[in-house]
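One structure is given below, encoded as structure tokens.
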Amino acid sequence: MGKVIVVTSGKGGVGKTTSTAALGAALAQRNEKVVVVDFDVGLRNLDLVMGAERRVVYDLVNVIQGDAKLTQALIRDKRIENLFLLPASQTRDKDNLTPEGVEWVINELKRYFDWVICDSPAGIERGATLAMRHADVAVVVTNPEVSSVRDSDRIIGLLDSKTVKAERGERMEKHLLLTRFDQNRAARGDMLKVEDVLEILSIPLLGIIPESMDVLKASNIGAPVTIADAKSAPAQAYFEAARRLAGEDIPVTMPEEKRGLFGKIFSRRAA
Amino acid sequence: MTKVQTDSRSIRIKGRSFLAVVLTPELPLDQWLERLDDLAARSAGFFLGRPVVLDVTDLQIDRQQLGEFLAHLAERNVRIMGIEGARHSMIAPGMPPVLKGGRPAGDVDVASVEPVAIAVQPAVSDSGDLQTEPQATVLQAPRSALQSLVINEPVRSGQSIIFTEGDVTIVGSVASGAEVIAGGSVHVYGTLRGRAMAGSVGNSQARIFCRKLEAELIAIDGIYKMAEDLPTDLLGQPVQVWLEGDAIVAGKVN
């Protein structure tokens with residue numbers, strides 16, 4: 001049986017979809033079967049980031065309503081053959097997701113895949129609670145700023161109360177993925193420091209993804225950053241996070257301090 | 001003649017609470033007594049050694065009927081320690097006293113009385129062991145005044161912990177947007193960033209303790225202070241908060 005991961009945050013725009021795609025592609029490159037599931041019915045984006053927007057025929061809602069078989073809705077990635085996408089519906093409403101339907105789809109996917117990664121919509125309503133409901137592990141995506149941290153805290157509270165695991169009295173495994181982290185701004189005090197975020201949320205750190213143009217570039221060409229530019233700093237950070245998700249015990253790499261052009265020239269001269 | 005007090009010690013009067021069984025009879029009384037007999041037959045010794053209070057609030061009977069009713073109960077070995085909800089005209093001399101201000105305390109489970117009946121037997125027979133006296137089982141009833149709630153994880157934004165029966169202890173932090181409401185004191189072994197309300201059911205002796213104060217709001221017995229009104233030198237410090245008269249006072253704890 002595969003593991004079900006929910007990528008969630010509460011707040012929008014912090015990098016849930018980017019992280020879902022990047023982690024999915026990173027895990028798939030370890031020769032494990034991975035499916036990424038878009039739960040953002042009505043505002044889907046995961047198909048764009050995965051570069052599969054023109055190949056969507058059936059979606060999650062079609063499967064739940066019995067209009068299509070699960071195998072018909074799954075889209076195989078063109079670059080990595082053991083990476084699949086189950087897209088969300090763009091035309092339907094969130095109310096078409098039923099708890100029974102979602103449970104059935106997740107259980108089916110668990111039988112065939114090693115990893116089922118659910119991309120949660122923002123907010124704490126139906127879509128988000130259904131996406132987290134059957135998860136074994138949660139990846140809480142947070143930006144180092146106060147509103148994102150508070151929303152993440154709220155989501156962690158829901159993970160501990162509204163999921164099947166919590167209702168059975170078990171502990172939900174939760175990891176913090178700190179995204180869009182800018183070392184320079186954190187040092188200046190414009191952003192929360194890593195220690196501050198960890199102190200407030202008190203869950204283990206999965207990884208720190210540096211703020212980078214490489215992420216935006218990758219999204220625009222329709223590829224997860226871990227496929228588009230595997231050597232880049234954010235991709236390396238996602239690979240590291242994926243290894244940790246798979247159970248490896250490795251230290252978290254702090255993003256290096258980036259110097260501006262003038263800084264570089266200056267430091268060379270000084271050397 | 002004046003009385004000479006030979007012993008200088010004054011008499012100390014203490015309070016003690018017992019969990020009383022409340023009987024609420026309904027009209028017609030003879031049918032209600034039949035049902036009582038039925039109950040007594042199923043669990044023998046249920047009323048033995050238990051304080052029993054008679055609630056006659058909704059009962060339309062006069063003094064004479066009440067007297068007869070008490071006699072019927074006495075025949076069944078049900079001894080009434082007090083009468084609740086009675087008009088003064090209903091009470092004759094020699095009847096149990098009128099009680100006021102009782103607080104409700106859940107249903108008494110009749111099925112659980114079997115041990116009482118069993119416990120009576122050794123006391124009557126040879127051993128004479130004090131612990132098996134039926135009185136002891138009555139005292140085992142839960143004492144609501146001594147309860148406390150311990151939470152071993154952080155209280156997250158949007159969560160609220162409400163516990164009016166006593167103290168709340170949180171081994172972890174209370175997040176911004178979370179709230180803790182306690183009938184007694186609030187203890188936070190972490191950072192208090194949300195709201196804490198102690199003594200919520202009218203307890204001015206309750207206090208709030210935290211390892212690091214960054215609270216949005218603190219309140220004791222309904223008197224509150226917002227984050228802006230807190231002394232800035234206490235922010236981020238280990239602090240306790242208490243009530244002096246009608247003013248909230250905060251100070252460092254070391």
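The values are calculated or read from the model by the stated rules, or taken from the named source; none is laboratory data. Just so it is clear, the model here is predicted, and its values are computed rather than measured. Neighbour counts are summed over all protein chains in view; Cβ atoms, including those assigned to glycine, are modelled from backbone coordinates with ideal geometry.
Just give me the residues in the stretch B:220-229 being within 18 Å of B:Gly177 (Cα to Cα) and touching a residue at least 12 places away in the same chain (Cβ under 8 Å), in sequence order. Within the stretch B:220-229, B:Tyr224, B:Lys225, B:Ala227 qualify.
Residue by residue, here is whether (1) farther than 25 Å from A:Asn143 by Cβ; (2) of a type in the set (D, E, K, R) holds:
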position	(1), (2)
A:Val4	no, no
A:Ala26	no, no
A:Arg30	yes, yes
A:Gln72	yes, no
A:Ile75	yes, no
A:Arg79	yes, yes
A:Phe84	yes, no
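With respect to the conditions (1) more than 24 Å from A:Glu170 (Cβ to Cβ); (2) touching a helix residue (DSSP H, G or I) at 6+ places or on another chain (Cβ under 6 Å); (3) not hydrophobic (A, V, I, L, M, F, W, C), A:Gly101 falls short on a single one, namely (1).
If you go through the stretch A:83-121, how many residues are part of a loop (DSSP other than H, G, I, E, B), surrounded by fewer than 20 Cβ atoms within 10 Å (Cβ to Cβ) and modelled with pLDDT of 95 or more?
Applying the first criterion (part of a loop (DSSP other than H, G, I, E, B)) to the stretch A:83-121 yields A:87-93, A:97-98, A:113-114, A:120-121.
Subset that is surrounded by fewer than 20 Cβ atoms within 10 Å (Cβ to Cβ): A:90-93, A:98, A:114.
Right, trim to modelled with pLDDT of 95 or more and you get A:114.
The qualifying residues number 1.
Going residue by residue through the stretch B:177-197, is there one that turns out to be aliphatic (A, V, I, L, M), assigned to a loop (DSSP other than H, G, I, E, B) and surrounded by fewer than 23 Cβ atoms within 10 Å (Cβ to Cβ)? Taking every residue of the stretch B:177-197 in turn, none turns out to be aliphatic (A, V, I, L, M), assigned to a loop (DSSP other than H, G, I, E, B) and surrounded by fewer than 23 Cβ atoms within 10 Å (Cβ to Cβ).
When residues in the stretch B:173-200 are screened for being touching a Ser or Thr at 6+ places or on another chain (Cβ under 6 Å), among the β-branched types (Val, Ile, Thr) and over 18 Å from B:Ile248 (Cα atoms), 1 of them pass.
This table checks each residue for (1) within 14 Å of chain B (Cβ to nearest Cβ); (2) modelled with pLDDT of 95 or more; (3) closer than 25 Å to A:Pro234 by Cα; (4) surrounded by fewer than 24 Cβ atoms within 10 Å (Cβ to Cβ).
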position: A:Arg126; (1), (2), (3), (4): no, no, no, yes
position: A:Val140; (1), (2), (3), (4): yes, yes, yes, no
position: A:Val146; (1), (2), (3), (4): yes, no, yes, yes
position: A:Ser152; (1), (2), (3), (4): yes, yes, yes, no
position: A:His175; (1), (2), (3), (4): no, yes, yes, yes
position: A:Asp182; (1), (2), (3), (4): no, no, yes, yes
position: A:Val194; (1), (2), (3), (4): no, no, yes, yes
position: A:Ser202; (1), (2), (3), (4): yes, no, yes, yes
position: A:Val215; (1), (2), (3), (4): no, no, yes, no
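Give the residues of the stretch A:160-173 that are of a type in the set (D, E, K, R) and facing chain B (nearest Cβ under 9 Å), sorted by residue number. Passing the criteria: only A:Asp160. The residues on offer are A:Gln65, A:Gln90, and the sole one that is within 24 Å of A:Val225 (Cβ to Cβ) and either free of Cβ contacts under 8 Å to residues at least 12 places away in the same chain or more than 15 Å from the chain's Cα centre (by Cα) (or both) is A:Gln90. Just one of (1) within 13 Å of chain B (Cβ to nearest Cβ); (2) touching a Gly at 6+ places or on another chain (Cβ under 8 Å); (3) surrounded by fewer than 17 Cβ atoms within 10 Å (Cβ to Cβ) fails for A:Gly157. It is (3).
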